[in-house]
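Q: Below you will find the structure I want to go over with you.
The values are calculated or read from the model by the stated rules, or taken from the named source; none is laboratory data. Every value quoted in this text rests on a predicted model; they were computed, and no experiment measured them. Neighbour counts are summed over all protein chains in view; Cβ atoms, including those assigned to glycine, are modelled from backbone coordinates with ideal geometry.
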Amino acid sequence: MTLDLSFADFELKAKSSDILFIDVRSDQEVADGHIKAVYWAHISRAEIEEAFCLSVGDFEAKYNVKMPTKQTEIWTNCKSGSDTGRSAQSRDILRKLGFQKANMLKGGYLKYGPAQ
């Protein structure tokens with residue numbers, strides 16, 4: 001299931017220090033701009049599974065962000081946020097790892113990033 005956030009709901013969530021936004025795009029894509037959120041990390045799609053198998057200390061040292069708990073609300077985003085894209089794949093991996101509150105931003109960076 002994919003949830004579609006209104007921009008107002010997105011803005012509220014992005015201001016929360018309890019809701020993690022993970023940008024799963026490439027380094028170059030992120031360098032060109034990313035969604036602004038209080039609790040944000042860049043973890044590419046290629047490394048998402050490995051990242052969430054790290055110890056808390058290793059995760060926090062590598063990504064410079066607090067490691068989420070299994071109860072943390074997580075939103076993944078890629079460029080376009082399609083139902084089969086990198087953010088959907090990352091959401092599915094996170095759910096398999098026990099992060100049941102993992103979601104994806106439908107529309108991705110193209111929808112939410114420039115509007116901020």
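Q: Give me the pairs: first residue in region 18-40 and over 17 Å from Ala88 (Cα atoms) and of a type in the set (Gly, Ala, Ser), second residue surrounded by 16 or more Cβ atoms within 10 Å (Cβ to Cβ) and at pLDDT 95 or above, beta-carbon distance under 7 Å, and six or more apart or on different chains, which are they?
A: Taking only residues 6 or more apart or on different chains, the pairs are Ala37/Ala14; Ala37/Phe21.
Q: Let me ask something additional. Of the residues Ser55, Ser90, Ser80, which is without any contact (Cβ under 8 Å) to a residue 40 or more places away in the chain and touching a helix residue (DSSP H, G or I) at 6+ places or on another chain (Cβ under 7 Å)? Even if it seems obvious, please write down each step before you answer.
A: Working: Ser55 fails: touching a helix residue (DSSP H, G or I) at 6+ places or on another chain (Cβ under 7 Å); Ser90 fails: without any contact (Cβ under 8 Å) to a residue 40 or more places away in the chain.
Result: Ser80 is the single residue among Ser55, Ser90, Ser80 that is without any contact (Cβ under 8 Å) to a residue 40 or more places away in the chain and touching a helix residue (DSSP H, G or I) at 6+ places or on another chain (Cβ under 7 Å).
Q: Does Lys70 satisfy the condition of being in contact (Cβ under 8 Å) with a residue 24 or more places away in the chain, in a loop (DSSP other than H, G, I, E, B), basic (Lys, Arg) and more than 17 Å from Asn103 (Cβ to Cβ)?
A: no
Q: Just checking, how many residues over region 1-56 are farther than 17 Å from Met67 by Cα, within 13 Å of the chain's Cα centre (by Cα) and loosely packed, with under 15 Cβ neighbours inside 10 Å?
A: 1
Q: Find all pairs meeting these conditions: Cβ atoms under 8 angstrom apart; at least six residues apart or on different chains; first residue within region 93-116 and on the phi > 0 side of the Ramachandran plot; second residue buried (at least 19 other Cβ atoms within 10 Å of the Cβ) and assigned to a strand (DSSP E or B).
A: Matching pairs, first to second residue: Gly108/Asn77.
Q: Another question about this same structure. I'd like the residue in region 95-116 that is among the aromatic types (Phe, Trp, Tyr) and assigned to a helix (DSSP H, G or I) and, out of all such residues, is farthest from the chain's Cα centre (by Cα).
A: Filtering region 95-116 for residues among the aromatic types (Phe, Trp, Tyr) gives 99, 109, 112.
When the remaining residues are screened for being assigned to a helix (DSSP H, G or I), the result is 109, 112.
Values: Tyr109: 11, Tyr112: 13 Å.
Per the stated criteria, the residue is Tyr112.
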